[in-house]
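Written below as structure tokens is the structure these notes are about.
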Amino acid sequence: MRDLTESLIELIRRTSTDLSPDVQQSLEQARDREERGSAAQSALITILDNVELSRKNSTPICQDTGTPIFYVRYPEGWSTRRLREQIRSAIAAATKKSYLRPNAVDSLTDKNSGNNLGDDAFPTIHFEEVEGDELTVELMLKGGGCENVGAQYSLPNSQLGAGRDLSGVRKVVLDAVQRAQGQGCAPGILGVSIGGDRGSSYYASKEVLFRPLADENANPDLAKLEQRLTDESNQLGIGPMGFGGKTTVLATKITGRHRLPASFFVSVSYMCWAHRHRKLTVRGEEVSYE
Amino acid sequence: MKTLTLPISNEAILDLHKGDPVALSGVMMLGRDTVHKWLYETFVRQTRQPQDDDLEVYEAIKPLLNGGAIYHCGPVVAGLDTKDYRFVAAGPTTSIREEPYQADVMRYFNVKAVIGKGGMGPKTLQGCQDAPGVYLHAIGGAASLIAQTVVKVLGVHKLSFGVPEAMWVIEVKDFPAVVTMDAHGQSQHAVIEQQSKAEFERLLAVPF
Ligand code: SF4
């Protein structure tokens, strides 16, 4: 089996230092929308300057390089055991090169492992065997500040008057945005999952963040709700960094999961503006990045 | 833009108001979760006995914090092998986690500026009035840009806490931030929270 370690290091470098064009464009639009000379606009100008600088110097966009979350889709014949080893050694090597901050802390002893390698869930790696002969690795770096303001609701929620329907979903998501204020490095991107159990629901709310920022949900009801939640979040006036302003959320992505009759969870993963995600594709001898 | 030089005088602090952009220069210390818990338990409250090099570190950081600044940040640092340290990425981390400790730490060590992101609560706002001091909001995520204002890494204490949690001592030039909590009891965060809460209540009442 082919050794992908070097390509994986490059994937990590790009993810950490080179913000994807869809997120950058969305930030530029936000900058132009904010009032001239406002703290909100100046925050966005600084953010965009930082994006350019990080790309030019190959330095991390943000010092919190987060939890590395990998999704590997592999054709028959690859060894997931070996792929895992390669991903882990790429993570350690990328940490040494300062593309990543050592982020894996033992919760019981408080010891930082120093190389970003923790237990089996750090880095997080999902494997799925797929048809065809193309292998893809998607990587997302999920920062801690924004992870901390994520939320999960069990519906119905009487305090918010949120029932088990899309109207209830809308209320709890807005509640999460309102509670988050600027803490998750607004403007954020909302990953929302409806249904599942507590665990699968949270996973789905992260997975949905891999969708391109500008794409539209195939389900027309969800597409409408996504747009509405983005608009209404922005009406809250929290603004970039919580300074106040027109842009609190850049986009909302919603997905659904089957649930038990007894449960109705809504999970919100808040992704900060530094939405670092990239993809590696291996086709025969050829390796490409997007 | 107001320029601030460390150590900061009371007069300079009282001259700052919510909303002022500032450029900060001088020597300051990084400290986040582990550091605040350690400072609070070992020295402020003294519920924990000093251990290892605790007292030595205390003596070293006391003059730094007196009139100084504490930056909530866990940086990416190059040169760990050679000890020829260089900051590669150094944006702020979420400050509210230090809310239980911050005001006491400010009063005890005479800290004049707390730098971070996301703002802090009523206890720290009171701390800002008492010290007197300010909360400076840096741009979250602007890590490469902020790292460029670090002209020199002067040293590090308690590297055993881990790279992100250690007390890095750095010299900065024109570090950019905005005053969001001042010594006059004003907090931009309290204002935005109140306004957004009212808007949220309004939206809740809108039919689906
Ligand atoms: S929330 Fe995102 S941008 Fe902000 S500090 Fe964390 S990782 Fe960086």
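The values are calculated or read from the model by the stated rules, or taken from the named source; none is laboratory data. Since the model is a prediction, treat every value here as computed from it, not as a measurement. When we count neighbours, we look across all protein chains shown, and the Cβ atoms used for this are built from the backbone with ideal geometry, even at glycine. Protein only, heavy atoms only, side chains kept; ligands, DNA and RNA dropped before computing areas. Shrake-Rupley method; radii C 1.70, N 1.55, O 1.52, S 1.80 Å.
Please sort A:155-167, B:70-82 by packing, taking for each peptide the average over its residues of neighbouring beta carbons within 10 angstrom, highest first.
Details: A:155-167: 14.8, B:70-82: 21.8.
Put in order of decreasing packing, that is B:70-82, A:155-167.
What is the sum of charges around B:Ile70, taking Lys and Arg as +1, Asp and Glu as -1, for the other residues whose C-beta is under 11 Å from the C-beta of B:Ile70?
Working: positive: B:Arg32, B:Lys112; negative: B:Glu98.
Once all neighbours under 11 Å are counted, the net charge is +1.
Give me, ordered by chain and number, the residues 5 or more places off A:Leu100 or on other chains with an amide H under 5 Å from its own placed amide H.
Close amide H contacts, sequence-distant or interchain: A:Thr95.
Within 10 Å of each Cβ in peptide B:193-199, how many partner chain Cβ atoms are there on average? Round it to a whole number, please. Walk me through the numbers before you get to the answer.
Details: counts 6, 0, 4, 14, 4, 2, 7.
Average per residue, whole number: 5.
Does the protein assembly as shown come out rounded, prolate or oblate by the C-alpha gyration tensor, with a ≥ b ≥ c the root eigenvalues, rounded set by a/c under 1.5 and, if not, prolate when a/b is larger than b/c and oblate if not?
Details: a/c = 1.74, a/b = 1.23, b/c = 1.42.
Oblate shape, in that a/c is at least 1.5 and b/c is the bigger or equal ratio.
Counting only other chains, what is the mean number of Cβ atoms within 10 angstrom of the Cβ of each residue in peptide A:177-183?
Mean inter-chain Cβ contacts per residue within 10 Å come to 6.
When each pair of different Cα atoms in the stretch A:13-130 is counted once in the 1/r mean, what is the Kirkwood radius in angstroms, to one decimal? Each step should come with its number before you reach the end.
Values: mean 1/r = 0.0608 Å⁻¹.
Averaging 1/r across every pair of different Cα atoms and inverting gives 16.5 Å.
Please report, to one decimal in angstroms, the Kirkwood hydrodynamic radius of chain A built from all distinct Cα-Cα pairs. The partial results should precede the final answer.
On the way: mean 1/r = 0.0506 Å⁻¹.
Across chain A, the inverse of the average 1/r is 19.8 Å.
So what J values fall out for the stretch A:244-252 if you push phi through Karplus, 6.51 cos²θ - 1.76 cosθ + 1.60 with θ = phi - 60°, rounded to Hz, Gly and Pro as x?
x, x, 8, 10, 10, 10, 8, 6, 10
Can you tell which of B:Pro176, B:Pro21, B:Pro50 shows the greatest fluctuation in a Gaussian network model of chain B with Cα springs below 10 Å?
Most flexible of the set in this elastic network: B:Pro50.
Please turn the phi angles of the stretch A:282-290 into ³J(HN,Hα) values with the Karplus equation 6.51 cos²θ - 1.76 cosθ + 1.60 (θ = phi - 60°), one per residue in order, whole Hz, x for glycine and proline.
10, 10, x, 8, 8, 10, 10, 10, 9
Between 0 and 90 degrees, rounded to the nearest ten: what's the tilt of helix B:54-65 against the longest Cα principal axis of chain B?
50 degrees
For chain A, what is the mean residue ellipticity at 222 nm derived from helices alone (per DSSP H run of n ≥ 4: -39500 (n - 2.57); sum divided by total residues; nearest 500 deg cm²/dmol)?
Details: 8 runs with 108 residues, N = 290.
Calculated from helices alone, the mean residue ellipticity at 222 nm is -12000 deg cm²/dmol.
Quick one: putting +1 on the C-beta of Lys and Arg, -1 on the C-beta of Asp and Glu, what dipole do you get for the protein assembly as shown around its Cα centre, in Debye to the nearest 20? Spell out each step's value before the answer.
Values: 54 positive and 61 negative charges, 87 e Å.
The calculation lands at about 420 debye.
Using a 10 Å cut-off on Cβ to Cβ distances, tally the other chain neighbours for every residue of A:42-54 and report the average as a whole number.
Details: counts 4, 6, 1, 1, 7, 5, 2, 4, 11, 4, 2, 6, 8.
Going residue by residue through A:42-54 and averaging, the value is 5.
Given the protein assembly as shown, what percent of its DSSP beta bridges are antiparallel, to the nearest 5?
That works out to approximately 65 percent antiparallel.
In deg cm²/dmol, rounded to 500, what helix-only [θ] at 222 nm does chain B give when every DSSP H run of at least 4 residues adds -39500 (n - 2.57) and the total is split over its residues? Don't skip to the end; give the middle numbers.
Numbers: 7 runs with 67 residues, N = 208.
Here the helix-only value at 222 nm equals -9500 deg cm²/dmol.
To the nearest 10 degrees, how steep is helix A:166-180 against the longest Cα principal axis of chain A, on a 0 to 90 scale?
The angle comes out near 80 degrees.
How large is log10 of I(q)/I(0) for the stretch B:29-136 at q = 0.13, 0.16, 0.21, 0.24 Å⁻¹ when the intensity is taken from the Debye formula with one equal scatterer per alpha-carbon?
-0.49, -0.73, -1.15, -1.34
Could you work out how far helix A:5-17 tilts from the main Cα principal axis of chain A, as a 0 to 90 degree angle to the nearest 10?
It works out to around 30 degrees.
For chain A, what is the percent of antiparallel DSSP beta bridges, rounded to the nearest 5?
Working: 31 of 45 bridges.
Here the share of antiparallel DSSP bridges comes out near 70 percent.
For B:Gly119, list long-range residues whose amide hydrogen, built 1.01 Å from N in the peptide plane, is under 5 Å from its own amide hydrogen.
Placed amide hydrogens put B:Ser95 under 5 Å from B:Gly119.
Taking every DSSP beta bridge that has both residues in chain B, what percent is antiparallel when rounded to the nearest 5?
Working: 21 of 35 bridges.
Restricted to chain B, the bridges split so that about 60 percent are antiparallel.
Using modelled backbone amide H atoms (1.01 Å from N, in-plane), which distant-in-sequence or interchain residues come within less than 5 Å of B:Trp168's amide H?
B:Leu30, B:His157
Checking an interface number: how much accessible area is buried between A and B, summed over both chains, with a 1.4 Å probe, in Å² rounded to 100? Spell out each step's value before the answer.
Details: alone 13790 and 10130 Å², together 20290 Å².
Interface between A and B: roughly 3600 Å².
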